[in-house]
1. For each of Leu319, Leu463, count neighbouring Cβ atoms within 10 Å of the residue's Cβ, then give the residues from fewest to most.
2. Using the Karplus curve 6.51 cos²θ - 1.76 cosθ + 1.60 with θ = phi - 60°, what ³J(HN,Hα) values do you get for each residue of segment 292-303, in whole Hz, with x for Gly and Pro?
3. Is segment 190-316 rounded, prolate or oblate when judged by the Cα gyration tensor, a ≥ b ≥ c being the square roots of its eigenvalues, rounded requiring a/c under 1.5 and prolate requiring a/b larger than b/c?
4. What's the exposure ranking of Met244, Met417, going from fewest to most Cβ atoms within 10 Å?
5. Residue-wise, which Karplus ³J(HN,Hα) couplings in Hz belong to segment 484-492, taking 6.51 cos²θ - 1.76 cosθ + 1.60, θ = phi - 60°, and x for glycine or proline?
6. Give the distance, in whole Å, between the Cα centre of segment 395-472 and the Cα centre of segment 275-289.
7. P(r) for segment 244-400: what percent of alpha-carbon pairs falls in each 10 Å bin, starting at zero?
8. Taking the Cα centre as origin and putting +1 on Lys and Arg beta-carbons and -1 on Asp and Glu beta-carbons, what dipole magnitude results for segment 305-406, to the nearest 20 debye?
Amino acid sequence: MTGKRLDAEQVLRDWLARSAPDRAPASLKEALEEATSRPAGHARPWPRAGGHGLRWAGRVAAAAAILAIAISGAYLYGNGRATTPGASSSASTSAAGSPTRTPEATPSTASLKPRPTVVQLPGSNWRLVSGAFPQIVVPAWAPYQSTVFELIMGSSVGFVAFVPSAGGVASHRPSDAILAAFKTAGPIAPASWETRVYQSTDGVNWTERAALPGNAATVTAVAESGGNIVAVGWTGETPNETAMAWTTTDLQTWHAADLPAPSQSDTYSDAFSVAAGPAGFLAWGFAGASTEFWISADGVAWNSVATSGLPAEPPIDALYGLSDGWAIRGFLSDRAAVWQTKDGAHWTRTWTGPGPSGIEFYTLGPIFKAPGGGYLSFGGVGAGGGPAAVPLDMLIWTSPDLLHWTITDRITRPGWMYDFATIAGRYVAAGQAVVGDGGQNAYGSLGVWTSQDGRSWQAAAGLPAVGSVQVLSVVGDGAYVVVVCVDQQGNVQLLVGDGLS
């Protein structure tokens, strides 16, 4: 940046960049009473295990754990990261995690307002929304993230989206022009993009609120407590990522804070999940090759947490906020397990799943309230060795209290289910319509299924041929379900409904 005014030709180029961004590159039971009724909010599972598994699978004690992690994360494939450790000069060295304050973020002016197209699907209550967001951009090595999350603001519930977009603001100083980070064409962005924040009350109509402060931001999880909304993720690209938390009360004014990492100069860091508990917010991720936990009372000032009671490098599948602390759903060397904590530091294993039976491994999955009382989890089963390890069967676990789990059914998946949500007394799942190896083929024809008991699934009627897409998430807010899909060019499509056929 030189501070010089742009000439007319430069102004025209910047206008084109802004106008055509798509052409640019308590107890667990008490806690989950709320978490399972809002599966995409307070108790959001960590982003797709398929890619993240590449990062820490080598640290799991036995090959059985690798298979178990892959099995449990198969339905969530496509939203992970396979990051190569390397040098970083931007990671925080503050042990106390003092926040890095940034100027107030203003609504983005980098593009024209998207003009969505809404199509009512024949014979169903579902609507297909295209063009609600600009084309997503990511670096070449990074899969797309969840994008849409449940949002709680006071007494209202809805959705929030974080969309990494080309044409971002590179700098904004008094008397300086705003320069668009206009790069090469296509969905793959190089080192610069902005992440725009959108809000919706119904999943169909979206309003842009702001752009996150900082450049090249990636958001992986969102939580809310006491009116504070916290998003976590990282800024920058491998190997120079810095774990970040962004905090707001209104989606328009955001404050960014580096999450403290060890002081080694070669440490990169990133955050994968955050959950709200009585003491504030707990987040987890990696700093270099080590698992890190961070805690904050308000989402602004963060401290590293030294943990006990967990495996040295715990394979974590989900982080939940409880009424009296937090819980982790993860793995031991050969079976699923659950740990709980009141302070984020001292953990106790409260449940251990069954071990392998022959060559089969069993995993617990996302947890929801069951019809008629109790709880239900969609788990998986797979067999060790080669292609046979692909989990084609789904396990139905039930529990009266979230402390004791029993496998009650084993069913054949109607398709490759990536994610689940609940709404209107039923379950909604989405993924690929054809059963196959989702771990190696992330894109395919869209499949959406609904069920009243989690065992018998019915395909949604009237689904259009939307081409080869990847399901990023299925998000429910109590009134609507949003199925978030993206094609290989970064174009997002939303399937929005009430869960009824």
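1. Going from least to most buried by this count: Leu463, Leu319.
2. Coupling constants for segment 292-303: 10, 10, 10, 10, 8, 6, 10, x, 9, 9, 10, 10 Hz.
3. Oblate, because a/c is 1.5 or more while a/b does not exceed b/c.
4. Met417, Met244
5. With coefficients 6.51, -1.76 and 1.60, one gets 9, 10, 9, 8, 6, 9, x, 8, 8 Hz.
6. After rounding, the separation between the Cα centres reads 28 Å.
7. 10, 33, 31, 20, 6, 0
8. So the magnitude is around 120 debye.
Read the figures in this text as sums done on the coordinates, not as results from a lab. Computed from a predicted model, the values in this text were never measured in an experiment. Virtual Cβ from ideal backbone geometry, glycine too; neighbours counted across all protein chains shown.
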